[in-house]
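Bear in mind these aren't lab numbers, they're just calculated from the coordinates by the rules spelled out. If you're wondering where the values come from, they're calculated on a predicted model, not measured in any experiment.
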Amino acid sequence: MAIGLGIKAVNAGHKVLFTTIPLLVNELKECRSEKTLRAFENRFEKYDLIIADEMGYISFDKEASELLFTYLSLRAGRKSTILTTNLSFERWDEIFKDPVMTAAMIDRLTHKSYIVNMNGNSYRLKETQEWLKEQ
């Protein structure tokens, strides 16, 4: 679903970044250590839509949590962001390890947002089953 929205946005002329949360966090940490966060921020802000997949598969240390919070907060209310996750908001403290930051992150990300709760079978499993039928 998120990829489809991204493709529609690109076709409509918008600048879109598709990444995963772990890759984004690694890039943020590398930029901090190389003292290039300002350049990253300028590049990050040029995107009309950022689609960040896989929130919740990996927990973060304090530095990573703070960096992710900062950069996603900068977009809140100004630019579009899509996050995909397999965790309910109640479990986000497992990722961020800080209940105050977790609450603030959820507050910013859900303000004037659409939340799509997708329950059901995995699309990857469905694609694999269809692929196997073709073999």
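Evaluated over the Cα positions of the stretch 1-48, the convex hull gives a direction-averaged projected area, one quarter of its surface, of 3.5 nm². Taking every alpha-carbon pair under 8 Å whose residues sit at least 6 apart, the chain reaches a relative contact order of 23 percent. For the chain, lysine pairs separated by 8 or more sequence positions, or belonging to different chains, with Cα-Cα distances below 19 Å total 10. Karplus-derived 3J(HN,Hα) values for the stretch 89-96, using 6.51 cos²θ - 1.76 cosθ + 1.60 with θ = phi - 60°, are 4, 4, 9, 5, 5, 5, 7, 8 Hz; glycine and proline are entered as x.
For the chain, the Cα-based Rg and Dmax, in that order, read 16.2, 51 Å.
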